[in-house]
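*Asks:* Mind looking over this structure? Questions follow.
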Amino acid sequence: MSLNDDAGTDVNIAIIVVVVVVKIVIIVYVCNRRSKMQRTNPYVEDSRFIPLTMVKFLDDMERERPIRFTSQQLRIATENFSILLGSGGFGTVYKGIFSNGTAVAVKVLNGTSDKRIEEQFMAEVSTMGRTHHFNLVRLYGFCFESSLRALVYEFMINGSLDYHLFKSKNGLNVNVLLGFEKLHEIALGTARGIAYLHEECPQRIVHYDIKPGNILLDSKFCAKVADFGLAKLCNRDKTHITMTGGRGTPGYAAPELWLALPVTHKCDVFSFGMLLFEIIGRRRNMDVTLGESQQWFPIWAWGKYEKNQLKELMRVCAIEEKDEQVAERVLKVALCCVQYRPETRPVMSIVVKMLEGALEVPEPLNPFSYLFPGVSEAGDSLAQIAWNAGGSDWSSSEVVTGSTVVTGTPLMRRYEITMA
């Protein structure tokens, strides 16, 4: 009996030893696995320094199209951020090249507070991460670490439209002087990109900052709408957007953005109209170096149109005779787009058709009557009739009273993201 007992005890001890050894092996394996993950994935450690809301947001976005880059990858691609492309109010842009030869533009976000940086980051990734159109700049990916917040876009070799419109007149080197035919193509491509944002996306995207500096040009000078740091997503069944802060660039921003009036997607239409004026004139709309009558180009251009003096406008703007008919059409579209009241402006899909010549452009009313006291706006109703001629609903949304906070996509709603 004692021998059997001893044998049984030996077996039990052997089993216990095996179990202990197995547990030790498992623990060692798990520890090594976690150690390797921390070394190869900086987000594990870095997540301690990022708000939980941002961690969840980034996890969700990682499952969508944009790629999540590490700060080390971007520092290598940009040669430690040594090639500066430009800078603005929300960030600095550097050129980078990945190991596969792909050229990119890396926008490093900056701001007065972490909250503002996070808002801009979410605005750009949430909009550009799920939009795909030939006339929108492509978002390759992003980086969000405690030391670096950046967006990675496709590189546009010909820079921004403002460089080609304005800087050639300032004596700076511009290799290609764009003819009006090409400028018309750029205007049309820009209009198509905005129309996609407004009318073809699952949820309407309002850009808020359409201007030549935010229109990028690829190797063939095709237009790509860029810089969605002020963008807001809104539900199509809501005609007005609640604003909690200023939007847009002075000189391009619609009156409703600075007069505390109800805001709709038509503010982008107004900004696009101001961009068209600068394309026609190849100059900034405001130029104090010129004579007083020409200092603000839009109102000078309206005066020439109203007095049937378009030949003089063509001469001043150096538009060749072969381009005059198209230039007149672009001018009329610009005047229609910058009407004071949003409901009298066309929607962007109609703007596209008018620029293409597929639709006749109605005679525009004076868009600047509100600047002169005592001038009646009684003709506004005529403009609305023009936009709805032939039974076509050219103005996409009727004006309603009241407004509501719009929180965008399910992802935006989940994290209570509002960009305005």
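The values are calculated or read from the model by the stated rules, or taken from the named source; none is laboratory data. Only a predicted model underlies this, so the values are computations on that prediction, with no experimental measurement involved. Backbone-built Cβ (ideal geometry, glycine too); neighbour counts: all protein chains shown. Keep in mind that these areas ignore ligands, DNA and RNA; they rest on the heavy atoms of the full protein, side chains included. Shrake-Rupley method; radii C 1.70, N 1.55, O 1.52, S 1.80 Å.
*Asks:* Return the residue satisfying two criteria in turn: it lies in region 114-124 and is among the hydrophobic types (A, V, I, L, M, F, W, C) and over 10 Å from the mean Cα position of the chain (by Cα), and of such residues it is least open to solvent (accessible area, probe 1.4 Å).
*Replies:* Among residues in region 114-124 that are among the hydrophobic types (A, V, I, L, M, F, W, C) and over 10 Å from the mean Cα position of the chain (by Cα), the one least open to solvent (accessible area, probe 1.4 Å) is PHE121.
*Asks:* Exactly one of (1) free of Cβ contacts under 8 Å to residues at least 60 places away in the same chain; (2) closer than 19 Å to ASN214 by Cα; (3) open to solvent by less than 20 Å² (accessible area, probe 1.4 Å) is unmet by GLY129. Its number?
*Replies:* Only one criterion in (1) free of Cβ contacts under 8 Å to residues at least 60 places away in the same chain; (2) closer than 19 Å to ASN214 by Cα; (3) open to solvent by less than 20 Å² (accessible area, probe 1.4 Å) is unmet by GLY129, namely (1).
*Asks:* Okay, next question. Among what's in region 335-362 and is part of a loop (DSSP other than H, G, I, E, B) and free of Cβ contacts under 8 Å to residues at least 24 places away in the same chain, pick the residue that is least open to solvent (accessible area, probe 1.4 Å).
*Replies:* Pass one, region 335-362, residues part of a loop (DSSP other than H, G, I, E, B): 338-341, 345-347, 357-362.
The next check asks that each one be free of Cβ contacts under 8 Å to residues at least 24 places away in the same chain; those that pass are 358-360.
On the way: ALA358: 73, LEU359: 50, GLU360: 158 Å².
Applying the filter and picking the extreme gives LEU359.
*Asks:* If you don't mind, there's one more thing I want to ask. Can you tell which of GLU306, GLU292 is touching a residue at least 60 places away in the same chain (Cβ under 8 Å) and either over 22 Å from GLU256 (Cα atoms) or out of contact with any Asp or Glu (no Cβ under 7 Å at 6 or more places or on another chain) (or both)?
*Replies:* Testing whether each residue is touching a residue at least 60 places away in the same chain (Cβ under 8 Å) and either over 22 Å from GLU256 (Cα atoms) or out of contact with any Asp or Glu (no Cβ under 7 Å at 6 or more places or on another chain) (or both) leaves just GLU306.
*Asks:* Now, a different point. Among the numbered criteria (1) crowded, with 18+ Cβ neighbours inside 10 Å; (2) out of contact with any helix residue (DSSP H, G or I) (no Cβ under 6 Å at 6 or more places or on another chain); (3) touching a residue at least 60 places away in the same chain (Cβ under 8 Å); (4) of a type outside the set (Val, Ile, Thr), which one does ALA105 miss?
*Replies:* (3)
*Asks:* Right, LYS307: surrounded by fewer than 22 Cβ atoms within 10 Å (Cβ to Cβ) and at pLDDT 90 or above or not?
*Replies:* yes
*Asks:* State all residues of region 281-304 that are acidic (Asp, Glu) and exposed (fewer than 10 other Cβ atoms within 10 Å of the Cβ); if no residue qualifies, say none.
*Replies:* GLU292
*Asks:* Right, here's the next one. Name the strands (runs of 3 or more DSSP E) wholly inside region 183-265 in which the number of residues that are at pLDDT 85 or above is 2 or more.
*Replies:* Hits in region 183-265: 204-206, 215-217, 223-225.
*Asks:* What pairs come out if I take residues in region 182-193 that are open to solvent by less than 10 Å² (accessible area, probe 1.4 Å) and pair them with residues that are part of a helix (DSSP H, G or I) and among the small types (Gly, Ala, Ser) whose C-beta lies under 9 Å away, six or more apart or interchain?
*Replies:* Within 9 Å, the pairs are ALA191/SER349.
*Asks:* Has region 280-293 got any residue that is within 23 Å of ASN214 (Cα to Cα), modelled with pLDDT of 95 or more, in contact with a strand residue (DSSP E or B) (Cβ under 8 Å, 6 or more places away or on another chain) and assigned to a helix (DSSP H, G or I)?
*Replies:* No, region 280-293 contains no residue that is within 23 Å of ASN214 (Cα to Cα), modelled with pLDDT of 95 or more, in contact with a strand residue (DSSP E or B) (Cβ under 8 Å, 6 or more places away or on another chain) and assigned to a helix (DSSP H, G or I).
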